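The values are calculated or read from the model by the stated rules, or taken from the named source; none is laboratory data. Values in this document were obtained by computation on a predicted structure and should not be read as measured data. Every residue, glycine as well, gets a Cβ built from its backbone with ideal geometry; the counts of neighbours run over all protein chains shown.
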Amino acid sequence: AQRVTQPEKLLSVFKGAPVELKCNYSYSGSPELFWYVQYSRQRLQLLLRHISRESIKGFTADLNKGETSFHLKKPFAQEEDSAMYYCALSATTSGSARQLTFGSGTQLTVLP
Amino acid sequence: DAGVTQSPTHLIKTRGQHVTLRCSPISGHKSVSWYQQVLGQGPQFIFQYYEKEERGRGNFPDRFSARQFPNYSSELNVNALLLGDSALYLCASSFAQNGQTQYFGPGTRLLVL
């Protein structure tokens, strides 16, 4: 069974400081990993996915299969980055369904 | 496009009652998944439906059931409600069964008293 761990429930950084949100996973197959973000009073939305190797809103995440990690990073945090961040792993079930397994989330607060 | 829509937004029920939650996917999306999010935790997979058939089920009791209609909208039904069923229920749609990107609705917040 797959598992996603986000060790930090709360993370506070000052504006302009670097930020790293940690995510570790366990999965026997080839993982597909995502970061979802939920801003205050908004729906859960996709931030980025590892297969795209893209940078969204200045965030990047690199899949490290050796360390089974998919940490989210941004070199200079902005106040508008304050939100709840969820790491998620996509796996195919026995019935060929595409199932997302989420971590418990990290609440990021960027202080002025 | 309004994105994934869910109704109702909030619901209060008592133990033992039954509830039906509704979801309309993004136009053109044929797959709908349901998730339960308990306070303080990440969403947990309940079901995936594709082309009106159940394609996957998470670790939830048989009190939970769902169906998908010809227009790809979906209903989640929960029977014999327990206090522990209080949660935010999220619906997500994707284009195909193996659609990698799932788009979430705003959720239905269910409170069981």
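For B:R109, are the conditions met, namely being away from chain A (no Cβ under 12 Å), modelled with pLDDT of 90 or more and within 26 Å of A:E8 (Cβ to Cβ)?
Yes.
So, in region A:92-112, of the ones that are in a strand (DSSP E or B) and surrounded by fewer than 20 Cβ atoms within 10 Å (Cβ to Cβ), which residue ends up nearest to the other protein chains (Cβ to nearest Cβ)? Quick ask: steps written out before the conclusion?
Residues of region A:92-112 that are in a strand (DSSP E or B), as a first pass: A:92, A:98-102, A:106-111.
Then drop every residue that is not surrounded by fewer than 20 Cβ atoms within 10 Å (Cβ to Cβ), which leaves A:92, A:107, A:109, A:111.
Numbers: A:T92: 7, A:Q107: 10, A:T109: 16, A:L111: 23 Å.
Among them, the one singled out is A:T92.
Among the residues of region B:76-84, is any assigned to a strand (DSSP E or B), more than 14 Å from every other protein chain (Cβ to nearest Cβ) and free of Cβ contacts under 8 Å to residues at least 24 places away in the same chain?
no
Considering only region B:6-74, give the strands (runs of 3 or more DSSP E) lying wholly within it that have at least 2 residues that are under 13 Å from the mean Cα position of the chain (by Cα), under 26 Å from A:T106 (Cβ atoms) and within 12 Å of chain A (Cβ to nearest Cβ).
Where strands (runs of 3 or more DSSP E) fall fully within region B:6-74 and carry at least 2 residues being under 13 Å from the mean Cα position of the chain (by Cα), under 26 Å from A:T106 (Cβ atoms) and within 12 Å of chain A (Cβ to nearest Cβ), they are B:31-37, B:44-50.
Within region A:52-69, is even one residue within 14 Å of another protein chain (Cβ to nearest Cβ) and closer than 24 Å to B:G107 by Cβ?
Yes: region A:52-69 contains one or more residues that are within 14 Å of another protein chain (Cβ to nearest Cβ) and closer than 24 Å to B:G107 by Cβ.
On the given criteria, is B:Y89 within 12 Å of chain A (Cβ to nearest Cβ) and within 14 Å of the chain's Cα centre (by Cα)?
So B:Y89 does not fit the description; no.
Would you check if A:T92 is more than 16 Å from A:V13 (Cα to Cα), within 14 Å of the chain's Cα centre (by Cα), modelled with pLDDT under 95 and of a type in the set (V, I, T)?
So A:T92 fails the test.
Please go through region A:56-82 and pick out each residue that is within 26 Å of A:S40 (Cα to Cα), part of a loop (DSSP other than H, G, I, E, B) and more than 13 Å from the chain's Cα centre (by Cα).
Across region A:56-82, the qualifying residues are A:K57, A:G58, A:P75, A:F76, A:A77, A:Q78, A:S82.
May I ask you to list the residues in region A:12-31 that are part of a strand (DSSP E or B) and surrounded by fewer than 17 Cβ atoms within 10 Å (Cβ to Cβ)?
Passing the criteria: A:S12, A:F14, A:E20, A:S26.
Can we say B:N98 is at pLDDT below 95, within 13 Å of chain A (Cβ to nearest Cβ), in a loop (DSSP other than H, G, I, E, B) and farther than 20 Å from A:R41 by Cα?
When the stated conditions are applied, B:N98 passes them.
Could you list all residues from region A:95-111 that are of a type outside the set (A, V, I, L, M, F, W, C) and at pLDDT 95 or above? Talk me through it step by step, then tell me what you get.
Taking region A:95-111 first, the residues of a type outside the set (A, V, I, L, M, F, W, C) are A:95-96, A:98-99, A:101, A:103-107, A:109.
Residues satisfying the conditions are A:G103, A:S104, A:G105, A:T106, A:Q107, A:T109.
Would you be able to say whether some residue in region A:83-90 is among the aliphatic types (A, V, I, L, M) and in a loop (DSSP other than H, G, I, E, B)?
Start the filter on region A:83-90 by keeping residues that are among the aliphatic types (A, V, I, L, M), which leaves A:83-84, A:88-89.
This time we only want the ones that are in a loop (DSSP other than H, G, I, E, B), so: none.
Looking through region A:83-90, none of the residues is among the aliphatic types (A, V, I, L, M) and in a loop (DSSP other than H, G, I, E, B).
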